[in-house]
């Protein structure tokens, strides 16, 4: 929310309000969907809640709501799928942080799941969250069975292999100990971060039964937004402080992990961010709806400081 | 297949043929559904295939096919869901074998996934297999969207928490270092092993759109079969040799893990197996179809030596 001062006051306040409202709705719905901390097996459910309610920005579900609202959909039809996305995102963070993966002790300024609990519990919490995501969409009675099937297929393709998040994580780990080409870097990010962001945008349009051309424009918008998200993430890793990030800055660069500044330098990376930001706005011109909030999200990601 | 000699020749040969045919169909379909070993990320896909094609008996998918065929369903409508079940079962084995979980180096006489590859790859292979299971059912065009939704909901409930396999694994780990009551032991097994076996039986009946009473009888049959499966698993752990099992016998008992022989002794455990075997046959009497193959499966599990 720090970037409020960098945007025209009216815009910033609209977007800040929108994001705050999204976050409140999503958190309330997640609380309803997740087993309580006193439901057996208690430790797994405590671990799930520890990681789901860790102060995440709810970027992916907010994007789904923003796209859905652009197509006039009420939140009631969007929230379950939005929460499923956040469950999948959180499961991936829990597993990525494990000692045999990225080995992170800290996330958003708090101990990671396996540090706060233990490795077995963290693995099972991630596993159960993935299952719950698919269950949530399958049992969402506000949507038609065929709508739910399309969403589950979208989610699964964006999450698994060979075209989703897990493929990206596997390729990222594989690339960690060697230099990567720029093509490879884009491909890793497209899968690891981009796939779920594109999926969020597409799911909003699918729930709204948007036409083929508009779904295609939303897909393009999501792809540029996902890339911008990753580029600014890499930039923040170089420029931000630990207090801003809630994690140790520079960690990615030190571990030889593929990053944009590492590959292109700081100036060229900032240029790339501006170019991709422009392309995202261009994609929105093909959507004949009031896309103000979607445009503001792109601006927000370009200027973010955390 | 060793138990062939313990059954009347005709019965044994029918069941042996049925199981062999199931295995061939399921293996061919799994081969079609899984990404090839040369698809990127190669290591994850090699790890998935290493574990899926590790000589598993395909008991859960065969049970689904047996129930479906009892209700006159052709294999074409059953095979995708049967493979999804095997994917979930395999993902659970890969994660259960991890060092922070059961820490098993050997399964079916071969190195486990994290030993053959590495921990990160094994975690990702399990994650991707779970995703692929839901994708497989969601994209099964031989079934109606509402049928697929019912199956995904069934699978998710049997797989996750608080009522499925992962809940059972969490409670099993939690109980490992202390004595457990008989009630607790049954509950752990009902979740850890039983839930997916009941699910297999129910999915066969759901695909066939069986009536409520028959689905209820199939659920009861599946529950008794699942319990029998676990009791005979515990018995084998005490009585079988390493060559029979492909793993170190007695391991469960030594780690204080909750087992039937550990709790009741060998004689009472064998009695319990016979009682549950009888109850499974009783459940079949409520199904007004030719249930010969389902009856033979119960006999097979009672007498199994591996």
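Look at residue A:183 and say whether it is out of contact with any helix residue (DSSP H, G or I) (no Cβ under 8 Å at 6 or more places or on another chain), in a helix (DSSP H, G or I) and within 14 Å of chain B (Cβ to nearest Cβ). Against the criterion (out of contact with any helix residue (DSSP H, G or I) (no Cβ under 8 Å at 6 or more places or on another chain), in a helix (DSSP H, G or I) and within 14 Å of chain B (Cβ to nearest Cβ)), residue A:183 qualifies.
Of the residues contained in region A:68-87, none is found to be assigned to a helix (DSSP H, G or I), crowded, with 21+ Cβ neighbours inside 10 Å and within 8 Å of chain B (Cβ to nearest Cβ). Evaluating residue A:173 against the criteria (1) modelled with pLDDT of 95 or more; (2) farther than 22 Å from residue A:66 by Cβ; (3) touching a helix residue (DSSP H, G or I) at 6+ places or on another chain (Cβ under 7 Å) leaves one unmet condition, (1).
Counting the residues of region B:32-56 that are away from every other protein chain (no Cβ under 13 Å) and under 18 Å from residue B:113 (Cβ atoms) gives 7.
Considering only region A:276-292, how many residues are surrounded by fewer than 19 Cβ atoms within 10 Å (Cβ to Cβ) and under 21 Å from the mean Cα position of the chain (by Cα)? It would help to see each step written out before you state the result.
Within region A:276-292, the first condition is being surrounded by fewer than 19 Cβ atoms within 10 Å (Cβ to Cβ), and the residues that meet it are A:278-279, A:281-282, A:285-286, A:288-290, A:292.
Then drop every residue that is not under 21 Å from the mean Cα position of the chain (by Cα), which leaves A:278-279, A:281, A:292.
Count: 4.
Within region A:18-55, the residues that satisfy the criterion of being surrounded by fewer than 20 Cβ atoms within 10 Å (Cβ to Cβ), in a loop (DSSP other than H, G, I, E, B) and touching a helix residue (DSSP H, G or I) at 6+ places or on another chain (Cβ under 9 Å) are A:36, A:37, A:38, A:39, A:40, A:53, A:54. Looking across region B:223-264, just one residue is at pLDDT 95 or above and farther than 21 Å from residue B:181 by Cα, and that is B:225. In this structure, residue B:267 does not satisfy being surrounded by fewer than 20 Cβ atoms within 10 Å (Cβ to Cβ) and either within 18 Å of the chain's Cα centre (by Cα) or modelled with pLDDT under 60 (or both). Of all residues in region A:101-135, those that are within 17 Å of residue A:160 (Cβ to Cβ) and more than 8 Å from chain B (Cβ to nearest Cβ) total 2.
So is residue A:202 in contact with a helix residue (DSSP H, G or I) (Cβ under 7 Å, 6 or more places away or on another chain), assigned to a helix (DSSP H, G or I) and within 7 Å of another protein chain (Cβ to nearest Cβ) or not?
On the way: in contact with a helix residue (DSSP H, G or I) (Cβ under 7 Å, 6 or more places away or on another chain): yes; assigned to a helix (DSSP H, G or I): yes; within 7 Å of another protein chain (Cβ to nearest Cβ): no.
The answer is no for residue A:202.
Under the condition of being assigned to a helix (DSSP H, G or I), over 18 Å from residue A:87 (Cβ atoms) and without any contact (Cβ under 8 Å) to a residue 40 or more places away in the chain, the residues counted in region B:115-129 number 3. Taken over region A:89-100, residues that are assigned to a helix (DSSP H, G or I) and at the interface with another protein chain (Cβ under 9 Å from one of its Cβ atoms) amount to 3. The residues of region B:144-173 that are buried (at least 23 other Cβ atoms within 10 Å of the Cβ), within 7 Å of chain A (Cβ to nearest Cβ) and outside any helix (DSSP H, G or I), listed by number, are B:160, B:161.
The values are calculated or read from the model by the stated rules, or taken from the named source; none is laboratory data. Just so we're clear, the structure is a prediction, and the values are computed from it rather than from any experiment. Note: ideal-geometry Cβ built from the backbone for every residue, glycine included; neighbour counts use all protein chains shown.
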